[in-house]
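The values are calculated or read from the model by the stated rules, or taken from the named source; none is laboratory data. What you see is a predicted model; the values in this text were computed from it and never measured. Neighbour counts run over all protein chains shown; Cβ positions are idealised from the backbone, glycine included. Accessible surface areas use protein heavy atoms only, side chains included; no ligands, DNA or RNA. Shrake-Rupley method; radii C 1.70, N 1.55, O 1.52, S 1.80 Å.
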Amino acid sequence: MTVRKGKRFAISIQEHMAIDVCPGPIRPIRQISAYFPRLSPTSSFSDPLLPNQVAAPTALSPGAAGGGGSSNLLSPLLPGAAGGGGSLSAMSSMDTSIEIDSCDSDDNTALGTLEFDLLYERATSSLHCTVLRAKGLKPMDFNGLADPYVKLHLLPGACKANKLKTKTVRNTLNPAWNETLTYCGITEEDMYRKTLRVSVCDEDKLTHNEFIGESRVALRRVKLDQTKHFNICLEHPPPLPSPTAMSTALRGISCYLREWETEQQRSLEERGRLLLCLQYFPPASDGDVKGEAKERARGGLCVGVKRCAHLAAMDVNGYSDPYVKTYLKPDVQKKSKHKTAVIKKTLNPEFNEEFFYEITFSELATKTLEVTVWDYDLGKSNDFIGGVSLGCHSQGETLQHWIDCLKNKGQKVERWHTLTNQLPGSTLQE
């Protein structure tokens, strides 16, 4: 055989890479497990291999798919291979049986269902979650049962500050709680932007509690003053994988999630809720006022500290010893400080105290009311829990509360406020 120098065989890149470029549906990329399938009891083949038979050596390349029926099981699908349409249908049925009958995959493992009701009361600014029952929970203990309980979290927010928990039902996979958990101080803005995380866990006395499943409900789905029933399937928590472990198509999503997490960490952290009542007294026209009203005859601002809810725990016992301080800034003479009494060992204190600032209406328009919540510690410096600023330079609900107070002279304006770990443009001092 004589081969002339300089003459090459014309082989296209498609033939070299053995890629079928004919138009048609896009097939998924085959995995290594497809070449070594686990035969399901539901799948049947005309000539299965017996234990004493040895299959002929087969090649995993597309060019070796022209052998017998046994070689087609260990080779990728190829249009035009021997046995054409038969191998395609056999492999399709085999893939389906593997996805359905695979019992060792967490994706196909039932975690159970959970029933609960949500009700938001606008008048009291409270969110009620009635946890009813769960069915078919995943066994977590050696006896094939579980000791389940339900936890609630409001996202975004501090986990310890807004965590609510039901009682534990022992040794069952179908528990019934019929227990109502209530969040206080939930505003309509919170209902629009927050998400309720409902998770089911298994309680273990000797070891740490185990997570069973969760579900997340956007509170915007709940209508005001109307009960909404949910019957949902529990799911695994959403993963945040690393970009190196993902395909190129998902790397952008992972980078976006990391940027979003960093932004959330840099943003203000919620530390609980505070119920404030503001009332501006205009100067009295008559001079014959008596008693307590005589002190407020010149006009001023009355600040009522009602209560706090879902405060962040600052002590090792899981509670705090909270008290509230108020300032009217700028405070040149440093005489605007007022402080409530300390309430021991609670995250939902009730104060019901009022403080009066004698000030004219024109001066009040240039002031900022700063309200901070602290944790009292004996023998060391007190811990800052959170605070809120109300004034003309505020934003959102705090600004609206301040404007309503100035407009409605002589009337009490009561609102819930979110406590944050930072106060913009303020220097915290104990």
Largest-first ranking of Arg133, Arg298 by accessible area, probe 1.4 Å, whole protein assembly kept, is Arg298, Arg133
Expected field for Trp177, accessible surface area in Å² at 1.4 Å probe radius, rounded to 10, holds 10 Å²
Heavy-atom accessible area with a 1.4 angstrom probe orders Ser389, Ser362, Ser199, most exposed first, as Ser362, Ser389, Ser199
Heavy-atom accessible area with a 1.4 angstrom probe orders Arg220, Arg273, most exposed first, as Arg220, Arg273
Once both label points are put 7 Å beyond Cα along the C-beta direction, the Glu353-Leu155 separation in nm becomes 3.8 nm
Regression test value, accessible area per residue of the range 312-419, probe 1.4 Å, units Å², expected 53 Å²
Excluding ligands, DNA and RNA, the carbon-plus-sulfur percentage of the accessible area of the range 315-430 with a 1.4 Å probe reads 49 percent
Measure of exposure for Cys277: accessible area at 1.4 Å probe, Å² rounded to 10, is 10 Å²
Restricting to Cα pairs under 8 Å and 6 or more apart, the percent relative contact order of the range 306-430 works out to 22 percent
Heavy-atom accessible area of Asp141, protein chains in place, probe 1.4 angstrom, given in Å² to nearest 10, is 40 Å²
